[in-house]
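Just below is one structure, and these are the notes that go with it.
The values are calculated or read from the model by the stated rules, or taken from the named source; none is laboratory data. Because the structure is a prediction, the values reported are computed rather than measured. Glycine gets a Cβ as well: all are built from the backbone with ideal geometry, and neighbour counts include every protein chain shown. Ligands, DNA and RNA are stripped out before the accessible areas are found, and what is left, the full protein with its side chains, is counted by its heavy atoms. Shrake-Rupley method; radii C 1.70, N 1.55, O 1.52, S 1.80 Å.
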Amino acid sequence: GTAQIGVTGLAVMGRNLARNFARHGYTVAVHNRSYAKTQSLIEEAGHEGTFVPSESMADFVASLERPRKVVVMVKAGGPTDAVIEELVPLLEEGDIVIDAGNAHFPDTVRREKALRAKGLHFVGTGVSGGEEGALNGPSIMPGGTAESYQWLGPILEDISAKVDGVPCCTYVGPDGAGHFVKMVHNGIEYADMQLIAEAYDLIRQATGASAAEIGTTFEQWNAGDLESFLIEITADVLQHVDAETGNAFVDVVLDQAEQKGTGRWTVQNGLDLGVPITGIAEATFARALSGSVPQREAGRAALTAAAEPWAVADKEAFVEDVRLALYASKVVAYSQGFDQIAAASAENDWKIDRGAMARIWRGGCIIRARFLNRITEAYERNPELPLLLADPYFADAVAQGVAAWRRIVAAAATHGVPVPAFSSSLAYYDGVRAERLPAALIQAQRDFFGAHTYRRVDKDGTFHTEWSGDRTESEV
Ligand code: NDP
């Protein structure tokens, strides 16, 4: 065969990835379970480059030069396993299977192990940026063997987004590492979106500004430290007017946020690792609350506790407070997400370079933002940085906004406006910097009812107190 790379699964994502490869001059073998999608790709985009279409999987595999590089871009879960099962008997030692779908990383670990046993490389790779990114340059997070990256890296870097000429693609780490960081990326995306939504809600409720006016505020924010894709599209969405009613578009959308599951996976993994990713968790639960229809109906009817009406006098100062609180909360959410990457990397021996992850998220993906440069710099200063929030740059940035952050969270509580992500991020900030936490009391309670033991501040060892007896302490 002569094709340099193959793509099987030609729905929106696979089709656009295949076109992206072709536009970069690669000869691309293309295949889809139902041939119609392959045909329509050739009819509509065949002129963009060199495609080698095949109707059967066997012909598709035969059309590839060795070592074969096959991108699988099908529905995650069972369909991915089905395609791998069909592919594997047709491949030869050293060939590379790339799963670019949204697999859950434990599945990637399992698949990598199975294919490695057959002498094949399996590269689970995160791809972010939706259809648009797939066509014009996504952020790409490939895992698998380092050896496979020697073959694959140049091609993937070629088609990825570029920021200042630097590709938004790098080798992440063994087996499930690529899909793992894509999962955390999506978790951070949930936190980012929730924080933006809370900022919008605060301004609207406190100042009575219209959606369009707040859109303008976001536009201004996008010229500063908060510059990011999500802030930019928020400005756009808030200024959009519904054609049918003439109302602000955001006011005609049902207020029940849905999810496809990556936020949930991230939170579940945070719990497994014992990493407090409260920003991501609150964002995920806030979506769940919004969709809790019977509970919200009951709550609206019964929970009428009056909050003080809200009409801030100095609107400009308030908006600036919200901006500072948003930035500080965002730093917390990212700090927590990068902690989660560090913990998983240590647990799985993935050796993930966190600064490199921030670098490849600067373009192509949904959380792309100016501020990611600062994260890369922080990890360059100290690759073992235990707390991103404590990096001098971020510590200082948050210190400058902390008074505003406190004012906003306090005012939101007084006026009954829910800001779960803003307030839990502030609680995390105060918790992680506390001299002493009431966890001491928790340990004492645990020893009281369950003889779970405790350690002391003044000497080494593990101790238990005879709570039901004479309360003597013994070392255990
Ligand atoms: P879909 O997730 O809608 O999957 C459709 C594709 O899967 C079709 O090519 C379909 O073939 C194929 N397929 C489904 N079941 C089987 C099966 N049992 N055997 C063989 N092929 C099967 O496509 P998308 O393009 O939206 O997404 C592809 C992958 O990319 C998914 O894993 C998705 O999670 C991920 N992704 C999607 C993003 C997006 O923005 N949409 C962003 C990033 C990742 P057929 O035409 O024959 O039905």
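Using bins of 10 Å that start at zero, the share of Cα-Cα pairs per bin across region 332-476 amounts to 9, 26, 26, 22, 14, 3, 0, in whole %. Rg and Dmax, both from the Cα atoms of region 48-175 and both in Å, are 14.2, 42.
Among the listed pairs 37/351; 69/351; 162/351, those whose Cα-Cα separation exceeds 32 Å are 37/351.
From the gyration tensor of the Cα coordinates in region 77-120, what semi-axes in whole Å does the equivalent ellipsoid have, largest first, with each one equal to sqrt(5λ)?
Listed largest to smallest, the semi-axes of region 77-120 are 17, 12, 9 Å.
Scaled against 2.2 N^0.38 Å for its residue count N, the alpha carbon radius of gyration of region 191-290 is 1.21.
With only the Cα atoms considered, region 337-405 has a convex hull volume of 99 Å³ per residue.
Restricting the calculation to Cα atoms, region 240-351 yields a radius of gyration followed by a Dmax of 19.1, 55 Å.
On a per residue basis, region 342-476 carries 55 Å² of accessible surface, using protein heavy atoms and a 1.4 Å probe. Using alpha carbons only, the radius of gyration of region 1-54 set against its Kirkwood radius gives Rg/Rh = 0.90. Ranked from largest, the principal axis spans of the Cα set of region 44-112 equal 39, 29, 18 Å.
Think of the chain as having a plus end and a minus end, set by charges on the Cβ of Lys, Arg, Asp and Glu; of 106, 14, 128, 106 sits farthest toward the positive end of this dipole.
If you take the Cα centroid of region 275-332 and the Cα centroid of region 241-269, the two points sit 15 Å apart. Computed over neighbours whose Cβ is under 13 Å from that of residue 36, the net charge equals 0, Lys and Arg +1, Asp and Glu -1. In percent, rounded to a whole number, the relative contact order of the chain is 12, using alpha-carbon pairs under 8 Å and six or more apart. Membrane-span-like helices in the chain, defined here as complete DSSP H runs extending at least 24 Å along the helix axis by their C-alpha atoms with mean Kyte-Doolittle hydropathy no lower than 0.5, are 392-414; this is a sequence and geometry rule, not a statement about a membrane. Rg and Dmax of region 1-94, both derived from C-alpha coordinates alone, stand at 12.0, 35 Å. The largest-to-smallest principal axis extents of the Cα set in region 130-186 are 27, 26, 19 Å. All C-alpha pair distances within region 330-371, sorted into 5 Å bins from zero, spread as 6, 22, 27, 26, 13, 6, 0 percent across the bins.
Applying 0.36 nm per residue to the separation of residue 449 and residue 56 and subtracting their alpha-carbon distance, the gain on full extension is 134.9 nm. Here the translational diffusion coefficient of region 272-405 follows from Stokes-Einstein with Rh set to the Kirkwood radius across Cα pairs; for 4 °C and 1.567 mPa s it amounts to 74 µm²/s. Peptide packing: for 376-387, 93-104, 137-148, 453-464, the average count of neighbouring Cβ atoms within 10 Å per residue gives the ranking 137-148, 93-104, 376-387, 453-464, highest mean first. Using a simple spin-label model with pseudo-atoms 7 Å out from Cα toward Cβ, residue 476 and residue 396 lie 4.8 nm apart. Computed from label points 7 Å out along Cα-Cβ, the spacing between residue 462 and residue 307 is 4.5 nm. Entry note: region 106-219 has Rg to Rh equal to 1.17, where both radii use alpha-carbon atoms and Rh is the Kirkwood radius.
Taking all C-alpha pairs of region 161-208, those more than 18 Å from each other amount to 58 percent.
Explain nothing, just the number: dipole magnitude of region 280-382 about its Cα centre with +1 on each Lys and Arg Cβ and -1 on each Asp and Glu Cβ, in debye rounded to the nearest 20.
400
Using only the C-alpha atoms, the convex hull of the chain corresponds to 201 Å³ per residue. Computed extension length for residue 413-residue 2: 141.5 nm, one decimal, from 0.36 nm per residue of separation with the Cα-Cα distance subtracted. The calculated Kirkwood hydrodynamic radius for region 363-439 is 14.5 Å, given to one decimal from all distinct C-alpha pairs.
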